[in-house]
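A quick write-up on the structure given underneath.
Rule-based calculations on the coordinates, nothing more; no lab input. All values reported here derive from a predicted model rather than from experimental measurement. Cβ coordinates were reconstructed from backbone atoms using ideal geometry, including for glycine residues, and neighbour counts include every protein chain displayed.
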């Protein structure tokens, strides 16, 4: 009996000692790091990402510039061609042999093809032509006639020089007329034909592009033949 009581006493003391023993501390959870901020994206990167493969806009084509601008006051005139209020003209219709002359000196910087533009007044079909050539006086009629596109009444408008050639007035063979010139000094010669009026002249490099002939439309396809009716089996 004493032995049993002693055993119970030992068990009770052991239980009490365990209950009073300090418990191990629970380790604190490691703090969670905040998510990293997204990397900054430059405008250039945004542009490349948002519009992949998008072509850059081309710079606007520059307007061609004249290589020479000729004032009427600098022209050498032969009657009946005359200068009045900055405008060259003659009072009547003439031919090559008796027309007045206006001769301009000019220089081109390099060998090439050139076109001539002039500010003119050509109000009707009786006042809209000159004979024109470079370096040599016009000698062929009607080859070297410049038929000027009509202007609105007495208004002055820039027109490109053409040659009638084997064509006709309003349907000129050389329109515009291109002059092949070497680098250096040249003379531009107008001979009067009708009382058209000339206010200024400009020399431009000839345009290289020629309008392409549009392709002929494709012939319409022939309609398909109707299918044969199926044979009943």
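Remarks
- Rg followed by Dmax, in Å, when the range 65-116 is reduced to its Cα trace: 13.5, 38
- Here the label points at residue 150 and residue 166, each 7 Å from Cα along the C-beta direction, are separated by 2.9 nm in the simple model.
- Of interest is the spacing of the C-alpha centroids, which for the range 61-82 and the range 169-183 amounts to 17 Å.
- Once the Cα gyration tensor of the range 74-205 is diagonalised, semi-axes √(5λ) in Å: 21, 17, 15
- Counted residue by residue at 0.36 nm each, then reduced by the alpha carbon distance between them, the extension gain from residue 173 to residue 125 reaches 15.5 nm.
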